[in-house]
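Student: The structure that follows is given in the form of structure tokens.
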Amino acid sequence: MSTRDDVLLRVEGLTVQLGDPARPARVLEAVDLSLRQGETCALLGESGCGKSMTALSLMRLLPPSGRVLGGSVRLRDTDLLRLTEAEMRRVRGGRMAMIFQEPQTSLNPVMSVGDQIGEAVRLHGEGRRAPAAERVLALMKAVGIPDPARRVKEYPHQLSGGMKQRIMIAMALAGDPELLIADEPTTALDVTIQAQVLGLLKDLRQRSGMAVLLITHDLGVVAETADRLAVMYAGQIVETATTAEFFKSPGHPYSRRLMSSLPAADKRHARLAVIPGRVPSLERVFHGCRFAERCDSASPRCHCDEPAWHRLSSGQSVRCHLFDPLENLPSQERRPGTQDRPGTPNQLAGFQRGSEPLLRVRGLKVYFPIHRGVFRRVVGQVHAVDGVSFDLHAGRTLALVGESGCGKTTTGKGLLQLTVPSGGSIRYQDTELNGLRHRQMRPFRKDLQIIFQDPYAAMNPRMLVGDLIGEGLQALKIHATRAARERRVAELLELVGMDSSAAARYPHEFSGGQRQRICIARALAVEPRLIVCDEPTSALDVSVQAQILNLLKDLQDRLGLAYLFITHDIAVVSYLAHAVAVMYLGRVVEHGSVDEILEDPRHPYTRALLSAVPVVDPTRRRSLIRLEGDMPSPIDRPQGCHFHPRCPQAIAACRNAYPEEQRLSESRLVHCWLALA
Amino acid sequence: MPLIPVVLWTDALVYLLILLILLIVGFALYTVRHEHLRAPWLRVFRSRVGMATSVLLGFYVVVGVLDTVHFRLKLDQPATDVSTPIRYAPEVLSLLDVITSGLRERQEKSYSAPFAAHLFVKEAIEQPDGTLLRDYPRLVHGGAHLDDPARQRGLDIAWRALWGVLQGLLISVMSLSGLIWMMARARGESVGSTRAAILAGRGPLPWRYAFAMLAILIVLILVAAELSAKYHIMGTDKVGEDVFYQTLKSIRTGLLIGTLTTLVMLPAALLLGIMAGYFRGWIDDVIQYIYTTLNSIPGVLLIAAAILLLEVYMSNNADQFASLVERADLRLLFLCLILGVTSWTGLCRLLRGESLKLREVEYVQAATALGVGHVTVITRHILPNVMHLVLITLVLDFSGLVLAEAVLSYVNIGVDPSMHSWGNMINGARLELARDPVVWWSLTAAFVFMFVLVLAANLFADVVRDAFDPRLRTAL
């Protein structure tokens, strides 16, 4: 333990409530946290645990209905909660600064970025000799913006998401803060950009010695950037530890379950551990441990006594009765195993490769014309999908991987004719689907289904769940009578692990995970052979994601479904997929079995993408191949190989022509000039 | 039969509107268990402003509906003569006319100020001794029961007002007790506990604000009734007609313009807006072209042209109209139509934008992937999810249309000059504003009634918007 002197921020017993005092939401209860100079501390937890509320309370930016009921927040010798608003305003942005999740909405769209940084400089940079303009340039340089002199005059819409986040960081740095609070700074960004931004934060911390409070739900990000972490659950901190200790042996049952619910390649033939239930509503009054209801090692005592902090020999602190030295049972023995159930072996003997593919896609193209002028002349094309080919076999999963804007989702929608393809062929069994009209497509609607990313947007809020699930049955006239439909809906709800009484309720009554189950039930209603899963878990918390992945896997085993799994999450790919296709700017750059791609990527882009993914296990970490810049626009693509301007290994040939398909093995295709060598 | 019902064009449309509303209310009662339909309306009535303004608007609606039931009375005929066909008076009356027949029939000669006992202008009066005196003559009806108006009038007015207040209080207490008794029965509680709950403001709905508004209205109505039996409480106009009566009659015109216009424009806006947004392509182009063109024609010009056209038609075919009332009614209907034609574009544009957004929403895509047809997608997924916009627009537009009528009538392209409307009252009063002393009461009366209606409608619209707009709900 270090001396008291270098403790920068000390939060003690912070208790915050929101809303109606008669029925308050207890968003924070007795939160203790300390942060030393130059340290990165991560605040980890699922959504609704009070992470962002902690940050807002520290900045004293709580919503109007929020009130601090007790505790203290000390930044060195200043008690922040006792400052007047005018004094606090000097601290905000001066001694402590904050960056937010959405760089798009945090910047003013009608001010140039130079002016916006300049504003922060003028407010907090008093007493400095360098004029504001030079300071702005220096800041932009510090956050790694290329050619700052030109960028100063640009507006937020001219910058990419990663650039915007850099601008936000530059603004936060304007006052030379001692503490930077980063609230999910990379959640809205792609992995390669995320790696850039996290690297930048690390650099800045080393150079300026500021402390960073990193708020995130991503265990990988924590593992790669934080020195220490605090796990939050339902408004409380339940565990604090150094990052190394935590990932070696998480203490609190919640932390352990969280770790074991992460999908990974080595869990491929087993079910993921799930945490039953959901994060409790903070409006209720808690007795005992807040996690007791979902904990599988809960004892009766957990339900009535609130656990105290227990220090472990390893330096971790855990708020759990299991670690109470007065309890007779040695805590280690009662630690639940991370692998809770023996995995069901993959029963896919009948669906192995070699059989006829269910769906054969060749050269699929989806272009969107760009209209300009009075007469709406077509002046260009957005090449969203440009010649994508793959086969999909029954009972197998093909993962379509890539960053946002690479055309993954458009490919999925093009397959189902939700977006009309501009060219190529989609052969389903023996029928060509491309070019079919709305009515002609109907018979095939039954076999091809889709599950969307956002389960909140995927259901009409004004329809009953039963009607939602039965919609396809009615439209395709599978079950004509209402009674038959109701029976089938009940069966389907059962199949996705929900109570059949859910049919008579509205979507808003369900949590995110339950809604995604309903969406899956709706897709399954028509007994499809193939489901396009468009990032079905990216809007969900880790523990809920595990539930949905387990369900998808079970259904594939039982029903022999083929999945086209669109995702940007490599961990999910390694857990679920059989084959992987990596997309870049509308084209597949590498295609192969999951082991081939993840273990031995050949295309430079695949390598960079994989190296940018934050990994929990330090032994499996790769050295980061940092990609410069952003993905080019699909309107104006680079000549030759689309990837060459960002490629660290580009050779002269890359500039001239797009590389032909190189077949490396029976299952493996790469589009790269270097793959030949 | 002592009367024969007359159904004017606008009456028919009002009945249609009432039928529609009844159907919707019936549907709403059926949907009470549908949380998402009930919740916004509950939010409307949970607000104190919503409760109070809906009572006030209810009063206007009752007056308007009373004024919509038209008929012709039987003429008095010698009872002996059975063979002659029954003849009806040519005059078309409404229920409101019958209720306020005292006001209608007590005509004076010309202007008189509110509560006056004398005319506003001096006239030569023949004295009993045969001499001519130039003075303000006594009114035929207003304050005619007083012997010495100068001395007695103030006390008389105060006395009658007090009597009216007492009556009003009595009736409000009686009617509110009746209402409480009915609510107690519906809830299965004792009357005492229901009353205590309402007065203390417990329970989900702020009934006490509605009841307070109702009591205030009842007292005001009775005071006005008591006073107007002997006085012209808002004076008389140029031809000696009671201004209070005129303002009451104007309510129907204002309400009709506000609601029928909506009824006319709604189908076009809904259909075209959703079609443009959902189908896009050339359908979108055509619809956008239509409303952009229509929007670029100055509305007043279009209305003036249409009204002029109608006037020419009516003067050429005068024999088609049985009465002046029918002519005026047709002109009102035409005004509603033309206002509807010029005002659907706003809502249409709004709905197009919303449908453009909704067609890309994932649940619509999911429905398409499930093979659901276009018509079903529109009726099941798009229409219910734009209804909040429609409702908000309609309520917000209402007050704008009431004001538009006043402006149009003021420039003489509004309703028929023979029809009672606030615009016509203001137009008539305009000429007298130059007089000294000024004739202010027509203008004031029209202004007060219109102001109360528009203010109530605007406040109600605000509450409706807050309750229905999903963005405002999450912003809390």
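Nothing in this text is a laboratory measurement; each read-out follows from the coordinates by a stated rule. Nothing here was measured: the structure is a model prediction, and the numbers come from that model. Ideal geometry is used to build each Cβ from the backbone, glycine not excepted, and the neighbour counts take in all protein chains shown.
Student: Find all pairs meeting these conditions: Cβ atoms under 8 angstrom apart; at least six residues apart or on different chains; first residue within the stretch A:617-630 and under 18 Å from A:VAL221 (Cβ atoms); second residue of a type in the set (Asp, Glu).
Tutor: Close Cβ pairs satisfying both conditions: A:ARG621/A:GLU224.
Student: Residue by residue through the stretch A:1-52, note down the ones that are touching a residue at least 40 places away in the same chain (Cβ under 8 Å) and part of a helix (DSSP H, G or I).
Tutor: If the condition is that a residue be touching a residue at least 40 places away in the same chain (Cβ under 8 Å) and part of a helix (DSSP H, G or I), then A:LYS51, A:SER52 are the ones that fit.
Student: Evaluate the following for A:ILE566: is it β-branched (Val, Ile, Thr), in contact with a Ser or Thr (Cβ under 8 Å, 6 or more places away or on another chain) and not in a helix (DSSP H, G or I)?
Tutor: Yes, satisfied.
Student: Among the residues of the stretch B:372-406, which ones are facing another protein chain (nearest Cβ under 8 Å) and of a type outside the set (Lys, Arg)? Spell out the reasoning first.
Tutor: Quick first cut of the stretch B:372-406, residues facing another protein chain (nearest Cβ under 8 Å) only: B:372-374, B:376, B:380-381, B:384-385.
Residues satisfying the conditions are B:VAL372, B:GLY373, B:HIS374, B:THR376, B:HIS381, B:PRO384, B:ASN385.
Student: B:LEU431 fails exactly one of the following numbered conditions: (1) closer than 24 Å to B:CYS336 by Cα; (2) free of Cβ contacts under 8 Å to residues at least 24 places away in the same chain. What is the number of that condition?
Tutor: (1)
Student: Pull out all pairs, ordered by first then second residue, where Cβ-Cβ is under 7 Å, the residues are six or more apart or on different chains, the first lies in the stretch B:437-466 and is among the hydroxyl-bearing types (Ser, Thr, Tyr), and the second is in a helix (DSSP H, G or I).
Tutor: B:SER442/B:VAL243; B:SER442/B:MET425; B:SER442/B:GLY428; B:SER442/B:ALA429
Student: Pick out, from the stretch B:261-371, the helices (runs of 4 or more DSSP H) lying fully within it that include 3 or more residues that are within 14 Å of chain A (Cβ to nearest Cβ). Write out each step before concluding.
Tutor: Details: elements: B:281-296, B:299-316, B:324-359, B:362-369.
Hits in the stretch B:261-371: B:281-296, B:324-359, B:362-369.
Student: Further question on the same structure: Could you list all residues from the stretch B:240-263 that are surrounded by 20 or more Cβ atoms within 10 Å (Cβ to Cβ) and within 16 Å of B:LEU396 (Cα to Cα)?
Tutor: B:GLY254, B:LEU255, B:LEU256, B:ILE257, B:GLY258, B:THR259, B:LEU260, B:THR261, B:THR262
Student: Next question. So how many residues does the stretch A:451-494 have that are within 8 Å of another protein chain (Cβ to nearest Cβ), touching a Leu at 6+ places or on another chain (Cβ under 6 Å) and not acidic (Asp, Glu)?
Tutor: Result for the stretch A:451-494: 3.
Student: When you scan the stretch A:636-658, how many residues do you find that are over 16 Å from A:GLU590 (Cα atoms), surrounded by 13 or more Cβ atoms within 10 Å (Cβ to Cβ) and touching a strand residue (DSSP E or B) at 6+ places or on another chain (Cβ under 9 Å)?
Tutor: Looking only at that region, the number is 1.
Student: A further question follows. Looking only at the stretch A:223-237, which residues are over 25 Å from A:ALA308 (Cα atoms) and touching a Pro at 6+ places or on another chain (Cβ under 9 Å)? So that I can check it myself, show each step before the final result.
Tutor: Keep residues of the stretch A:223-237 that are over 25 Å from A:ALA308 (Cα atoms), which gives A:223-226.
Hits for the stretch A:223-237 are A:ALA223, A:GLU224, A:THR225.
Student: So, B:SER399, is that one outside any helix (DSSP H, G or I) and either under 30 Å from B:ARG43 (Cβ atoms) or among the polar types (S, T, N, Q) (or both) or not?
Tutor: no
Student: Something else: If you scan the stretch A:438-464, which residues turn out to be free of Cβ contacts under 8 Å to residues at least 60 places away in the same chain and farther than 16 Å from B:GLU362 by Cβ? Give the derivation first.
Tutor: Kept after step one, since they are free of Cβ contacts under 8 Å to residues at least 60 places away in the same chain, are these residues of the stretch A:438-464: A:438-444, A:457, A:460-464.
The answer is A:HIS438, A:ARG439, A:GLN440, A:MET441, A:ARG442, A:PRO443, A:PHE444, A:LEU464.
Student: Out of all the residues in the stretch A:596-625, which are surrounded by fewer than 14 Cβ atoms within 10 Å (Cβ to Cβ) and either in contact with an Asp or Glu (Cβ under 7 Å, 6 or more places away or on another chain) or under 22 Å from A:VAL670 (Cβ atoms) (or both)?
Tutor: Across the stretch A:596-625, the qualifying residues are A:GLU599, A:ASP600, A:ARG622, A:SER623.
Student: (1) more than 22 Å from A:LYS267 (Cβ to Cβ); (2) more than 14 Å from chain B (Cβ to nearest Cβ): which one isn't true of A:ASP534, the others all being true?
Tutor: Every listed condition holds for A:ASP534 apart from (2).
The rows are residues; the columns are (1) closer than 26 Å to A:LYS446 by Cα; (2) free of Cβ contacts under 8 Å to residues at least 60 places away in the same chain; (3) over 15 Å from the mean Cα position of the chain (by Cα).
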| site | (1), (2), (3) |
| --- | --- |
| A:GLN545 | no, no, no |
| A:PHE565 | yes, no, yes |
| A:ALA571 | no, no, no |
| A:LEU576 | yes, no, yes |
| A:VAL582 | no, no, yes |
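Student: Inside the stretch A:628-642, can you point out the residues that are under 17 Å from A:ALA384 (Cβ atoms) and not charged (D, E, K, R)?
Tutor: A:MET631, A:PRO632, A:SER633, A:PRO634, A:ILE635, A:PRO638, A:HIS642
Student: Follow-up question, since we're still on this one. Which of (1) more than 28 Å from A:GLU283 (Cβ to Cβ); (2) surrounded by 24 or more Cβ atoms within 10 Å (Cβ to Cβ) does A:LEU180 not meet, given it meets every other one?
Tutor: Evaluating A:LEU180 over (1) more than 28 Å from A:GLU283 (Cβ to Cβ); (2) surrounded by 24 or more Cβ atoms within 10 Å (Cβ to Cβ) leaves (2) as the failure.
Student: Identify all residues within the stretch A:429-445 that are more than 14 Å from chain B (Cβ to nearest Cβ) and over 19 Å from A:GLY387 (Cβ atoms); write none if there are none.
Tutor: A:GLN429, A:ASP430, A:THR431
Student: Are there helices (runs of 4 or more DSSP H) fully within the stretch A:106-203 with at least 1 residues that are within 26 Å of A:MET88 (Cα to Cα)? List them.
Tutor: Ranges flagged: A:113-124, A:132-142, A:161-173.
Student: Can I ask one more? In the stretch A:426-439, which residues are crowded, with 16+ Cβ neighbours inside 10 Å and not in a loop (DSSP other than H, G, I, E, B)?
Tutor: Scanning the stretch A:426-439 gives A:ILE426, A:ARG427, A:TYR428.
Student: Then there is this: Got at least one residue in the stretch A:495-506 being buried (at least 17 other Cβ atoms within 10 Å of the Cβ) and within 13 Å of chain B (Cβ to nearest Cβ)? Talk me through it step by step, then tell me what you get.
Tutor: We begin by selecting, within the stretch A:495-506, every residue buried (at least 17 other Cβ atoms within 10 Å of the Cβ); these are A:495-496, A:498, A:502-503, A:506.
From what's left, within 13 Å of chain B (Cβ to nearest Cβ): A:506.
Yes, some residue in the stretch A:495-506 is buried (at least 17 other Cβ atoms within 10 Å of the Cβ) and within 13 Å of chain B (Cβ to nearest Cβ).
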